[in-house]
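A short worksheet on the structure shown next.
The values are calculated or read from the model by the stated rules, or taken from the named source; none is laboratory data. Please read all numbers here as calculations on a predicted model, not as lab measurements. Cβ sites come from the backbone with ideal geometry, for glycine too, and all protein chains shown count toward neighbours.
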Amino acid sequence: MKINKLMFREYDIRGIYPTEIDEDTAYTIGLGFGSYIKEHGKTTCIVGHDNRLSSPVLYEALVKGILSTGINIISLGLCTTPMYYYACIKLQVYSGVMVTASHNPKDDNGFKFAFDESGNCKGQEIQDFLAYILNGKFQEGQGLLSTYDIEPDYLELFKNNLHFGSRRIKVVIDPGNGTTSIIAKKLYEMFPIDLIVINGESDGHFPNHHPDPCVEENLNQRKEKIQTMISDISHQTAIPISNILVYSQLLEEDCADPQMREYGTVIRQQGEKLQFLLDSLVKISRLENGIIQTVPQKGELRELACQVKCLMEQKAGEKQISLEVKPGKEKAYAWFDRKWTREALMNLVDNAVKYTPAGGKVTLEVVSYSLFSRIDVRDTGIGIEEEELPEIFHRFYRSRDVLSEEGVGLGLYLAREIVRSQGGYIKVSSKKGEGSVFSVFLPSEKRENVSRL
């Protein structure tokens with residue numbers, strides 16, 4: 001019996017087809033699997049396979065081996081691994097084998113398998129199964145082969161349990177020509193979604209890229225499509241907003257009726273708020289999808305803090321708030337993207353100014369450590385309740401105490417994402433009625449592979 005022991009891994013049996021795994025191997029594994037579950041009182045199992053080029057022949061050999069032990073098979077044919085898992089639950093048959101190599105290279109293939117309801121075999125269970133096969137004491141018999149179409153049940157599961165409301169949303173998906181291609185479009189189109197599909201045809205050659213989202217280059221097509229969609233949305237909304245601002249300014253400047261001028265001011269203020277919201281959403285979307293990437297370079301943080309002070313002084317002065325950079329004893333260096341980190345700090349200072357009463361104070365302070373350098377944005381504002389601290393960085397979150405203030409709840413979220421993309425983080429401490437301190441930590445040494453959010 002020729003079995004490559006190295007194929008028996010931590011979570012599956014897997015090798016390169018046909019040099020490490022072939023039809024004879026699949027047949028032997030089928031013999032072993034069928035014999036093992038038969039000895040443990042099972043009579044039926046479920047088998048499915050993905051769309052790799054070698055999957056159909058390995059599947060056929062596996063099925064032949066299992067049937068020859070007297071075990072009945074419910075065949076799902078071509079299906080995704082989640083569809084296979086759901087079939088086991090739906091049919092209450094928890095013994096089964098899925099022919100797949102998951103996200104591994106296209107020439108790989110293998111088997112995920114479960115003996116019972118405890119789930120997929122792993123670790124020592126797989127090694128024990130190898131020993132069982134090598135022992136060679138297989139059962140004999142003739143099982144029956146039946147088929148089951150799990151797709152309708154699978155789609156119904158999502159239809160009954162997911163609710164998006166009536167608002168339509170735009171979604172871009174890239175199955176990468178993998179097995180998900182057989183079901184993804186049908187699934188998404190059940191919901192109020194304007195769907196754009198890239199590489200949506202099932203093709204085991206994977207002609208466009210390998211269907212592994214963990215590899216950055218495999219996401220390029222999806223990023224390009226999202227960038228196009230964001231640009232379209234931005235363009236389609238920019239012109240109407242610009243028109244609103246222009247005509248509201250005309251009302252303010254040229255209209256003789258004081259009440260109409262007041263209406264013009266309100267329209268302009270709301271138009272500016274809408275423009276800010278759109279700009280923030282576009283930035284967040286581009287950051288989250290890796291379309292915009294931060295490029296950290298070594299720089300001095302007190303200089304950056306002084307730039308932020310200059311840019312925000314006018315806004316602070318309008319509220320009669322003192323804004324200063326606390327002098328330090330030594331320079332503090334860190335790796336950061338100057339443009340995006342400046343924007344993150346401006347968001348934090350803007351937040352501090354907004355929620356600090358007239359006559360208050362906002363201070364920027366830079367502190368150097370061995371692994372990180374820190375910029376504190378300290379205010380004498382209204383403070384934040386302790387139970388709200390975990391929530392304030394969520395998108396659109398606004399404290400119940402500040403709902404009357406202008407804002408959309410995106411500034412802190414955007415600041416955190418910018419800092420995280422550079423290998424840093426933000427901490428906050430606050431006491432109600434006494435103020436808050438937002439501390440930005442940035443790495444003192446260059447870090448690789450942190451720019452994608």
TODO: Given the conditions (1) surrounded by 15 or more Cβ atoms within 10 Å (Cβ to Cβ); (2) in contact with a strand residue (DSSP E or B) (Cβ under 6 Å, 6 or more places away or on another chain); (3) at pLDDT below 90, report the number of the one that Pro296 does not fulfil.
DONE: (3)
Task: Subset of region 371-398 that is hydroxyl-bearing (Ser, Thr, Tyr) and buried (at least 16 other Cβ atoms within 10 Å of the Cβ) - its residue that is nearest to Tyr333 (Cα to Cα) - done: Ser373
Open item on the list: Take the conditions touching a residue at least 24 places away in the same chain (Cβ under 8 Å), surrounded by fewer than 24 Cβ atoms within 10 Å (Cβ to Cβ), among the charged types (D, E, K, R) and more than 26 Å from Ile183 (Cβ to Cβ) and apply them to Glu39. Does it pass?
Closed with: yes
TODO: Go through (1) at pLDDT 95 or above; (2) farther than 13 Å from Phe111 by Cα; (3) not polar (S, T, N, Q) and name the single condition Lys2 misses.
DONE: (1)
Task: Of all residues in region 409-427 being assigned to a loop (DSSP other than H, G, I, E, B) and in contact with a Ser or Thr (Cβ under 7 Å, 6 or more places away or on another chain), the one that is modelled with the lowest pLDDT - done: Leu410
Open item on the list: Any residue at all in region 350-370 that's surrounded by fewer than 20 Cβ atoms within 10 Å (Cβ to Cβ), over 30 Å from Leu274 (Cβ atoms), of a type in the set (Phe, Trp, Tyr) and touching a strand residue (DSSP E or B) at 6+ places or on another chain (Cβ under 9 Å)?
Closed with: yes
Task: Identity of the residue in region 1-40, assigned to a helix (DSSP H, G or I) and among the small types (Gly, Ala, Ser), that ends up nearest to Val99 (Cα to Cα) - done: Ala26
